[in-house]
Amino acid sequence: MRIMLIDDSKTMRNIQKAVLTQLGHTEIQEACDGQDALSKVGAFKPDLLLVDWNMPNMDGLSFVKAFRQSNRSTPIIMVTTEAEKSRVIEAIKAGVQNYVVKPFTPDLLSQRIQETMSKVAGQPAAA
Amino acid sequence: MDASALDRLIRVSISADRLAATVIIQPGLDPEFLTADLINTLLDQQVIARSRARDDAVADLVRAARERPDQPAHAIVARGVEPIHGGPGRFELAPRPAPPPLADPGATDHYQRTPFHVVHAGGRVGTLFPPADGIDGVDVTGQVLPSRRGAAANVRFDETVIVDAAGAVTAAIPGIVIFRDSSLRILDTLKIDGYVDFSTGNIDFPGHVSVGRGIRDCFTVRTGRSITVHELVEAARLEIGEDAILERGMAAREKGSLSVGRDLHAKYLDNVEARITRDAVIAKEVANCHLSVGRHFAGPGCSFVGGELFAMSAEIAQVGSRAGVATGIVLGRVAEVEDKAARLARAVVPMRKRVDALRDRLDQLRRGSGRLTATQAEDLTELQFEEATQQDRLGKLTHGLEAYLQVIAAQARGSLTFHRLLCAGVRLWIGGWRAEFNTELMGPATISLDAAGDPVITDPASPTPIPLSRLARIIADDRFIDVDRIRRDCGLPRAA
């Protein structure tokens, strides 16, 4: 499975990458903002995207909206410090499937990724 | 001219191999009658293939016969093409692997020179080349002269080699390559009638090795399976995959070493550094050796004098000597396991401290009031990740450490039986104790640990063990790792 990590913090990307590697995922592409991600999604064709909200050049929400114009189905998890309910609703309306609020633990991120992928596959998430 | 006269005067002869047709003209033929057409007609009657070369040869022959009508004339007027038969198949032995290169390219290491061609299973032994097809020829009448395919290579293979469709010949078993009397096979036993010396070089053999005489100083013998040496092993280096049977023994003069993958059987060992994975069975004497035996040392008729023995249990006729040579017996301790456990413990202690410190910091941050800024949230995520990663590593390390500690605990209950004598000056490590003997003890007797973990001695004549402390000085020893302390320091539960 191909996974794209979009976050302006390299540390955050490294943490997410380590969690994904532990889950057995090795095809991972990184992007440092929405604009960078848009330039890479065409060639990489991800099966899942983890997107930060606050980033320079193009923020996560703008990226999701732009991405959804051409792709309605690839699941997106928003990983952000934006914890307010209105923001969560805004993200889901834009086409985000799941939401992880920073700070998160590796276990929580792992659980959200599995939940999202199970939903896409039409199976219940493993406990 | 009638036909019989013509036959007598002009004759067409075809060679036995049908590769040449010759026309012979005898004197007496009317030159006016002799023409190329006549000869060609006769050749056509014999179905000799017509060609420009035949026409030219006939014309030359007619000219010559006319010029000298009183002499016979003859010429080969047609030739066939000889068939080329196919070459025979052949077997080529692969070259022996070259010894490892030396630092000085001009130098030769005579220890590495070996006359044996050794292969591992799957190793290339040679190539079988198939016989070649031939090229057909043609006789003077244009008929095909068939060629023959070459004969198959005159070589026999047994089940120890595999020949694939491409002719690659590989070893089905590891061993020595024997190619003799057109027969190729791999022997899993290397039999050396004499010594391992400069006539054999170092031995590195994947199968069994049998040495008719002995092994000389400074040579190395590595075997994948067992070895039997009928005479003395000198200060050599032996690395034996399975059993080692040294019918006389080994005198290593503190230079040789012995590593045995399974059991060792020897008459005596002198100044040997040896590591035996399973049991050591020694008939006569072990003098000034350092032996590490994975299971049992069996020497009911053997003296163990000088040096040190590590074993799970031991049965020895005489331990030490009346001259007071320093002799140590260490029961239930395996140096490698101790080292690994100690190394793991050294890694676990600081890592546990790091994890505890991280956890304290996280608790402080989580307890802090107010909403986190984006930077604080990311810092906290990073810290949580660090804590989870370190915790994961710590879990793996403690799991490994626990396994080693359990092995140490299981092994720590060894016993020593001495049949004749245990001399003063011997030191014995058993459990967490060191016993120092200041007086000699007569055998037979067995030293072991009682249910409380204290050393006791049992005389077969009296069923009740008595505390060893009545006969020897017993000291809590710190030479080996203290399992309880490690458990405490590393936060592991106490063993049941």
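The values are calculated or read from the model by the stated rules, or taken from the named source; none is laboratory data. The structure presented is a predicted model; accordingly, all values stated were derived computationally and were not measured. All Cβ positions, glycine included, derive from the backbone under ideal geometry; neighbour counts span all protein chains shown.
Taking first residues from the range A:50-67 that are in contact (Cβ under 8 Å) with a residue 40 or more places away in the chain and partners that are surrounded by fewer than 17 Cβ atoms within 10 Å (Cβ to Cβ) and not in a helix (DSSP H, G or I), the Cβ contacts under 9 Å between residues at least 6 apart in sequence or on separate chains come to A:G60/A:N54. Residues considered: B:Q364, B:Q376. Of these, the only one that is modelled with pLDDT under 90 and more than 30 Å from B:R488 (Cβ to Cβ) is B:Q376. Among the residues making up the range B:381-407, those that are more than 14 Å from chain A (Cβ to nearest Cβ) and touching a residue at least 40 places away in the same chain (Cβ under 8 Å) are B:L394, B:L397, B:T398, B:G400, B:L401, B:E402, B:Y404, B:L405, B:Q406, B:V407.
Assess whether B:P31 counts as being over 30 Å from B:R185 (Cα atoms), assigned to a loop (DSSP other than H, G, I, E, B) and either modelled with pLDDT under 90 or among the charged types (D, E, K, R) (or both). Against the criterion (over 30 Å from B:R185 (Cα atoms), assigned to a loop (DSSP other than H, G, I, E, B) and either modelled with pLDDT under 90 or among the charged types (D, E, K, R) (or both)), B:P31 qualifies. Selection within the range B:359-380: residues that are at the interface with chain A (Cβ under 8 Å from one of its Cβ atoms) and hydrophobic (A, V, I, L, M, F, W, C). The member of this set that is farthest from the chain's Cα centre (by Cα) is B:L372.
For residues that are more than 35 Å from the chain's Cα centre (by Cα) and surrounded by 21 or more Cβ atoms within 10 Å (Cβ to Cβ), tally how many sit in the range B:330-354. Final tally of qualifying residues: 2. Scanning the range B:267-284 for residues that are crowded, with 17+ Cβ neighbours inside 10 Å and either among the acidic types (D, E) or within 15 Å of B:V305 (Cβ to Cβ) (or both) yields B:Y268, B:L269, B:D270, B:N271, B:V272, B:E273, B:D279, B:I282. Taking the range B:116-137 as the range and being surrounded by 17 or more Cβ atoms within 10 Å (Cβ to Cβ) and over 46 Å from the mean Cα position of the chain (by Cα) as the test, only B:G137 passes.
So that you can scan it fast, the table gives a plain yes or no per residue for (1) of a type outside the set (D, E, K, R); (2) exposed (fewer than 14 other Cβ atoms within 10 Å of the Cβ):
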residue: B:I14; (1), (2): yes, no
residue: B:L29; (1), (2): yes, no
residue: B:R50; (1), (2): no, no
residue: B:R54; (1), (2): no, no
residue: B:D60; (1), (2): no, no
residue: B:R63; (1), (2): no, yes
residue: B:I76; (1), (2): yes, no
residue: B:E82; (1), (2): no, no
residue: B:F91; (1), (2): yes, no
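For the range B:135-152, the criterion of being in the same structural domain as B:A94 (by TED's automatic domain parsing) and more than 30 Å from B:S15 (Cβ to Cβ) is satisfied by at least one residue. At least 1 residues being more than 14 Å from chain B (Cβ to nearest Cβ), at pLDDT below 90 and surrounded by 17 or more Cβ atoms within 10 Å (Cβ to Cβ) is the threshold, and among the helices (runs of 4 or more DSSP H) wholly inside the range A:25-127 those reaching it are A:106-121.
Of B:A132, B:A153, B:A165, all but one fail to be free of Cβ contacts under 8 Å to residues at least 40 places away in the same chain and part of a loop (DSSP other than H, G, I, E, B); the exception is B:A165. In summary, B:Q364 fulfils each of the numbered conditions (1) out of contact with any Asp or Glu (no Cβ under 6 Å at 6 or more places or on another chain); (2) farther than 24 Å from A:T80 by Cα with the single exception of condition (2). Candidates in the range B:50-88 are the residues that are under 60 Å from the mean Cα position of the chain (by Cα) and of a type outside the set (D, E, K, R); of these, the one that is farthest from B:T141 (Cα to Cα) is B:P88.
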